[in-house]
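Working notes, structure below.
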Amino acid sequence: MVDIKGALAINASIFVQAINFIITYLILKNFLFKPVVNIIQEEEQAENLLNSSIKSNENDISKAVEHRKKDWNEFKNTVKEKAPEIESEHAFLIDVSQTLQQTTIPEQDAHKLKTELTSYFVKKVENEF
């Protein structure tokens with residue numbers, strides 16, 4: 001028969017192991033777990049700060065997009081009002097560009113024509129707005 005009493009006997013080694021476990025736990029708690037938990041909390045705070053910054057930027061962007069849409073609609077309405085004038089100027093530009101493509105113009109004449117057209121359209125824009 002096997003002596004069960006000797007196998008289950010409580011001796012000093014169990015107390016030494018318990019004390020060793022408690023000391024190891026306290027060392028790990030103070031030198032490993034606490035710094036790791038602090039690092040994780042700092043990263044979570046940084047992530048929350050970035051998320052709030054992203055949401056703020058998204059709101060700013062959506063406001064800017066709405067403002068641009070409003071400006072674009074105003075521009076479209078202005079263009080619709082001035083469409084006949086723009087169409088005649090567009091037809092003029094098409095005629096000029098076709099003429100320029102069909103003929104060869106010396107560089108000085110092309111530069112002079114460019115200057116005249118630029119000044120014409122600058123005056124036209126200044127008078128319109």
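The values are calculated or read from the model by the stated rules, or taken from the named source; none is laboratory data. Predicted model only: the values in this text are computed from it and were never measured. With ideal geometry, Cβ positions are generated from the backbone for all residues, glycine too; neighbour counts draw on all protein chains shown.
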Report, by residue number, each residue of the range 85-129 that is modelled with pLDDT under 75 and of a type in the set (Gly, Ala, Ser).
-> Ser88, Ala91, Ser97
Any residue in the range 80-88 that is closer than 30 Å to Asp109 by Cβ, surrounded by 10 or more Cβ atoms within 10 Å (Cβ to Cβ) and touching a helix residue (DSSP H, G or I) at 6+ places or on another chain (Cβ under 9 Å)?
-> yes
